[in-house]
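The values are calculated or read from the model by the stated rules, or taken from the named source; none is laboratory data. Everything quoted here is computed from the prediction, not taken from an experiment. A quick note on method: Cβ atoms are made from the backbone with ideal geometry, for glycine too, and the neighbour counts reach across all protein chains shown. SASA here: full protein model, heavy atoms, side chains in, ligands and nucleic acids out. Shrake-Rupley method; radii C 1.70, N 1.55, O 1.52, S 1.80 Å.
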Amino acid sequence: MAVEIIAPWKPLDWQVEPFHDKSLILLMTGSAGGGKSRVAAEKIHAYCLHYPGAAALIMRKAREWNSRSILPFYNSTVVGGDPRVTFNKSEGTFYYQNGSVVYSGGMLDDKQREAVRSIGGAGGLDIAWMEEANAFTRNDYEELLGRIRHTAAPWQQVILTTNPGGSLHWIKKDLIDGRQAAVYYSGAKENPNNSPAYLQTLENLSGVMRDRLVLGKWVQA
């Protein structure tokens, strides 16, 4: 019986390895427009399809930012009308026919933190994605890491996607320099989905913004 392909995705060369990486902590950083978020979203979706009953979380620092960014992107581009997935817009939650669930959340204040603590029930989470991770604190990250204890799959993961920040940021010091994560770098020029106009816009940046968003460097302002 043929398998129907819904919302097909052809990864860029650099995206293949992080997509298959099963490390507990996975960091994707580098220049803007490199395709970091697409890898994370596709990986969450594939994980939930492959492992029935998986509990996943996608989040930005403020929960309310999700509805204007990663939720519509995940729903339209990644899920792409897959009949096996139902999106509850009011909850910001995706329900899979095999029992997997993708929740959304944030850690802007105590109320949002408490909501994250209750996501996934007593079993916790299998996989989570922190988008624009440089906006999160080390405490946010450790709070989430403590929730990765569900066992729907033989491996669990926290995915962080972010443009670079300052050289003293905890992601740079701990995850990159301290080698606490599997790290992958993206580049806007290597992404053929970027328009020439967008690439030119990046080239027009200067100073620390050019260092971070074009060259992918973690540098202080």
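To the nearest 10 degrees, how steeply does helix 36-50 sit against the main Cα axis of the chain, on a 0 to 90 scale?
Rounded to the nearest ten degrees, it is 20.
Could you compute how much accessible surface Leu108 exposes when probed at 1.4 Å, giving the result in Å² to the nearest 10?
90 Å²
Which order do peptides 167-174, 29-36 fall in by mean Cβ count within 10 Å, highest first?
Top to bottom by mean Cβ count within 10 Å: 29-36, 167-174.
Once the piece of chain linking Asn98 and Ser206 is laid out straight, how much longer is it, given 0.36 nm per residue of separation minus the C-alpha distance between them?
Working: separation 108, 0.36 × 108 = 38.88 nm, distance 4.85 nm.
Contour length minus the Cα-Cα distance gives 34.0 nm.
Which entries in Lys22/Lys172; Lys43/Lys173; Lys10/Lys111; Lys89/Lys173 show an alpha-carbon gap greater than 30 Å?
Correct reply: Lys10/Lys111; Lys89/Lys173.
Counting each DSSP H run of 4 or more residues in the chain as -39500 (n - 2.57), what helix-only mean residue ellipticity at 222 nm follows after dividing by all residues, to the nearest 500 deg cm²/dmol? Display every interim value, and only then the final one.
Working: 7 runs with 59 residues, N = 221.
Theoretical 222 nm ellipticity from helices: -7500 deg cm²/dmol.
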